[in-house]
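Here the structure comes first, spelled out in structure tokens, and everything after it is commentary.
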Amino acid sequence: MIRVMLVDDEPFILEGLSVLIDWEKYDCMIVAKASNGEEAFEYLKQGNIDLVITDIKMPVMTGIELLQTAREEGLSSAYFVILSGYNDFQYAQTAIKYEALDYLLKPVSADSLIEVIEKVKNKKVAAHGGGLTDHEKKDKTESATALFKDELDGIILGIEHNDKDMINKNIDELFMKVGGDGTTLSPKALDVNKNYLVFRLLHLAVELDKSIDQEVVMMYISDNILMSGTEMGTILHLKQFASEYAGYLASLRGTVSKGVLHDIEKELDVNYAQNITLKDFAAKYYVNSSYLGQLFRKQYGMSFREYLNMVRINKAATMLIKTDEKIGCIAEEVGYHDTDYFINKFISIKGCTPSKYRKNGNGQTEE
């Protein structure tokens, strides 16, 4: 039996990982869950952990620090698997230095977990024994009875296909199974089912676009769905949650298919004078800002800021030829509040001052 510890500061990820696969089917047992590296470190001191699956970014002690400390102090020979988001996926490879077994991109898929388990089995000479404590047995039993996986998977399938009837049908079945008057989930059931649902919903978004900023998606869920006006835990709330997220995925699917850069290009052509940043667009289109910056350089051969300056200066050049407005006014209209800065940018892009550009009609230097 492989004894597993899960480590992540996000409760929904901890719960999602614990129920994503049937661990017992693969001869595994989750014996500990920790919300940060320091807490996990204390578990490791107690021994009897064969596999640690840990997030890379956590408060108090990161996953890499946990691995490094465990190895340098000879505390544990457990196999480590590092979880990372898109931003730090490359950085996570440094975990190999400290003999990490593997690193996985979040959110983790069931197939990835199964592959990790197979790796551990192939490396493990003999399985370590050990039973569950009374507390662990109680927690395991509660989690198993509180999770309505079939119904939640049906809800998720309905969300994926934006099928309102399928969503509502499975939500109704979920609440019928809960029992009682079917209006409110118990706090324990609410947490377990909500965490599993959020874990799977995040996965749906990432499957659509690997470059998506997972933190932005989670913020969207929290701000627009989980914290809606409807009372948490009711049938109405869950239906609203599912329906809105299905709409969000449909919107995301459309954004991905059309191309984010094309949409940004059109928007900048109209709103170039506004104080717009790359992070603003990254948040709007649910794309990682670093990745979006890379796309800009690949597509246009320049940074987002350089591209924005080019658009603004081109607009200013047109206004210089077609209007009699003062240079300072034109600078303001295209988004520059410092005329000297505007002139410097104009020279660097057009090769002459705004005055000379206007005088010559097209910016060509007179022979």
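The values are calculated or read from the model by the stated rules, or taken from the named source; none is laboratory data. In this text the structure is predicted, and so the values were computed from the model without any measurement. Positions of Cβ are generated from backbone atoms using ideal geometry, with glycine treated the same way; all protein chains shown enter the neighbour counts. Accessible surface areas use protein heavy atoms only, side chains included; no ligands, DNA or RNA. Shrake-Rupley method; radii C 1.70, N 1.55, O 1.52, S 1.80 Å.
Listed values, structure above:
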{"item": "For segment 114-123, Karplus couplings with θ = phi - 60° (6.51, -1.76, 1.60), whole Hz, Gly/Pro x", "result": "5, 4, 4, 4, 5, 4, 5, 4, 5, 8"}
{"item": "GluC sites (Glu not before Pro) within segment 26-78, DSSP loop, no more than 15 other Cβ atoms inside 10 Å", "result": "E73"}
{"item": "Accessible-area value, I327, 1.4 Å probe, nucleic acids and ligands omitted, Å²", "result": "40"}
{"item": "Vicinal HN-Hα couplings computed from phi for segment 302-313 (Karplus, 6.51 cos²θ - 1.76 cosθ + 1.60; Hz; Gly/Pro x)", "result": "7, 6, 4, 4, 5, 5, 4, 4, 4, 4, 5, 5"}
{"item": "For A34, residues with placed amide H under 5 Å, excluding near neighbours", "result": "L6, V7, D8"}
{"item": "Surface accessible to a 1.4 Å probe, per residue, for the residues of segment 3-52, Å²", "result": "37"}
